[in-house]
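This report refers to the structure that appears directly beneath it.
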């Protein structure tokens, strides 16, 4: 027997899209209007101006019978200079198990900082949930300062001491400050 929530779930499609285009006012409006015109609901997004481009990821929910029409309407935005890639979610993702942690990295910018840190995370089966990084002018010494903040999911059987030791070794080799702190919830 199906309940009302199951019927609603079966009739909706979740779409995840990436978008990129030359930054200009109104790009979000173009996408949001297409979603709303097709009965969709904007669930979550991350968007940013990067190097003269506007880039983002968006997750929307739309009635299943209108999903193809929404995808066609979004593809028409390429005429406005906005490239969009749309992927349907295969269904509810299994609940990730483990503990969240926050990582902060600060140091003089140099190639390979994220490569070293992400390699250590991958070696310990740590999943990056969210990552933001930037380069800013160093306040006193000149040059550029690299800053990164990440929320990661530690697997249930993670050896936090071993992970911390590996990250501290990389931080020392790269001459960056690195903090790893367990979290109780997503930011």
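Considering only Cα atoms, the convex hull volume of region 78-148 works out to 165 Å³ per residue. Against the chain, whose longest principal axis comes from its Cα atoms, helix 160-174 is set at around 70 degrees.
In region 99-182, Rg over Rh equals 0.98, where Rg is the alpha-carbon radius of gyration and Rh the Kirkwood radius from pairwise Cα distances.
Which of rounded, prolate, oblate describes region 4-88, given a ≥ b ≥ c as roots of the alpha-carbon gyration tensor eigenvalues and a/c under 1.5 marking rounded, otherwise prolate only if a/b is larger than b/c? Verdict is prolate for region 4-88.
Reducing region 147-180 and region 57-88 to their Cα centroids gives an inter-centroid distance of 37 Å. If you stretched the chain out fully between residue 109 and residue 159, how much longer would it get, using 0.36 nm times the residue separation minus the C-alpha to C-alpha distance? Residue separation times 0.36 nm, minus the Cα-Cα distance, leaves 15.1 nm. Between residue 140 and residue 57, the FRET efficiency estimated from the beta carbon spacing at R0 = 45 angstrom works out to 0.80.
Relative contact order of the chain, taken over Cα pairs closer than 8 Å and 6 or more residues apart, is 22 percent. Largest GNM mean-square fluctuation across 98, 56, 26, computed for the chain with C-alpha springs under 10 Å, falls on 26. With coordinates expressed along the principal axes, the C-alpha atoms belonging to region 41-111 extend over 48, 37, 19 Å, beginning with the largest. Seen against the Cα atoms of the chain and their longest principal axis, helix 113-123 is set at about 80 degrees. Taking the three principal axes of the alpha carbon atoms in the chain, the coordinate ranges are 54, 47, 22 Å, sorted in descending order.
Quick note: the coordinates plus some simple rules give every number you see, no bench work behind them. Note that this is a predicted model, so its numbers are computed, not measured. Using ideal geometry, Cβ is built from the backbone for each residue, glycine included, and neighbour counts are taken over all protein chains shown.
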